[in-house]
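Inspection log for the structure reproduced underneath, given as C-alpha cells.
The values are calculated or read from the model by the stated rules, or taken from the named source; none is laboratory data. Owing to the predicted nature of the structure, the values given are computational and were not obtained by experimental measurement. Here the Cβ positions follow ideal geometry from the backbone for every residue, glycine too, while neighbour counts run over all protein chains shown. Ligands, DNA and RNA are stripped out before the accessible areas are found, and what is left, the full protein with its side chains, is counted by its heavy atoms. Shrake-Rupley method; radii C 1.70, N 1.55, O 1.52, S 1.80 Å.
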Amino acid sequence: MTPIKAVLFDWGETLVRIPGMIHSPERHLDCLKRLFEERGGENGGPDLRDLGVSWLSLRTAYIKACRKHMAHSATTRREHRFEDRFATTLRLLQIEPLPEMAVLSRWVDQFGELIAQDAEMVDGADEVTEQLARHVRLAIVSNYPHAPVVYATLERLGLRRHFSAVAISSELGWLKPHPEVYRTALDRIGVHAAEALFVGDDLDNDVRGPKALGMRTAWFTRTPSARPAEADVELSDLRQLTAWSNLPSEARRRA
C-alpha cells in the first residue's frame, strides 16, 4: 500500500466546533444578535440597528436568507458568501436602497469575528495535528462561506502552524464534494490522492468525495454505526487517528 504522505482535515465539527446554521443555529444567531446590539462608534459608519427594523424581524429574515442560499449551494455545489446572506436579508426586509458594499463587508467582518471568538476546539485536535505534523504534511479542506472565520479560528486555537495548506470553498467557488476542492488542496501540498488520508465527519464531503479521487478516508463520528464501505477507518475520538496502522510508526508510538 502506498505510504501516507499527507493528511487532509475537514475543519468545522472535525477540528473546530463553530457556531453555524447547520450544527448550532442558535449559537450562530446569538452572534448575529450581538452584532445587532453593538455600536460601531462614531467613525464606524451605520450599524444594523440603524436599519430601523426589530431584532425579531432581522432574525426571521436572516433565517430565510440562509435557507435560500444554503439550498441553492446544495443544488449547484457553488458556494455563497456571508455578503450574499446579508444582502438577501435586507431585500426580504424591503430595505431600499441596499447599503454600500463597504458597509455590508464591515458588518460581515464583524459578524465573522464574533463567530470566530465563539468557536471551540474539538477534543484532541491540538494533540493529533501536532503529532502528525512531525511526520506528514497537513491541509485543511473546508466548506464555509466566509474564509476569514476559518483562518481566525485556526490562529486563535493555535492550530494554523501545523498546516501547510488551506483550501476553503468561499475562496475557490466550489463546495465539497466537487473534485476541484480536493485537487486544489492536494496540489498545494504536493501529493497524489493515493498518498493522502482525508479525515472528516460528513459522509458525502469527507468520505465518499475523497474516496472517489483515490484517497484513503477516516470517518469521524460521535454516533457509532455501521461503517460505510468508503471509510477505511471510523473514529470516535481524533486521538485514535495516530494509532491507526497506516500512519507512520513513530507517530503511533507517540500516541
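Quick notes
- Assessment of the range 130-139 against the conditions (at pLDDT 95 or above and polar (S, T, N, Q)) yields no matching residue.
- Scanning the range 47-67 for residues that are within 21 Å of Asn205 (Cβ to Cβ) and charged (D, E, K, R) yields a single hit, Arg67.
- Of all the listed residues (Glu180, Glu155, Glu113, Glu130), the sole one being in a helix (DSSP H, G or I), in contact with a strand residue (DSSP E or B) (Cβ under 7 Å, 6 or more places away or on another chain) and open to solvent by 30 Å² or more (accessible area, probe 1.4 Å) is Glu180.
- Taking the range 210-236 as the range and being at pLDDT 95 or above and out of contact with any strand residue (DSSP E or B) (no Cβ under 8 Å at 6 or more places or on another chain) as the test, the residues that pass are Ala212, Leu213, Gly214.
- In this structure, Val191 qualifies as open to solvent by 10 Å² or more (accessible area, probe 1.4 Å), in contact (Cβ under 8 Å) with a residue 12 or more places away in the chain, in contact with a strand residue (DSSP E or B) (Cβ under 7 Å, 6 or more places away or on another chain) and more than 20 Å from His80 (Cβ to Cβ).
- Subset tally (residues that are under 17 Å from the mean Cα position of the chain (by Cα) and either modelled with pLDDT under 95 or over 16 Å from Leu157 (Cβ atoms) (or both)) for the range 88-113: 3
- Index of the failed condition, Met1 passing every other in (1) modelled with pLDDT under 95; (2) among the aliphatic types (A, V, I, L, M); (3) touching a Phe, Trp or Tyr at 6+ places or on another chain (Cβ under 9 Å): (3)
- Checking each residue in the range 203-222 for being surrounded by 20 or more Cβ atoms within 10 Å (Cβ to Cβ) and assigned to a loop (DSSP other than H, G, I, E, B) picks out only Met215.
- Taking the range 4-17 as the range and being modelled with pLDDT of 95 or more and open to solvent by less than 20 Å² (accessible area, probe 1.4 Å) as the test, the residues that pass are Ala6, Val7, Leu8, Phe9, Asp10, Trp11, Gly12, Thr14, Leu15, Val16.
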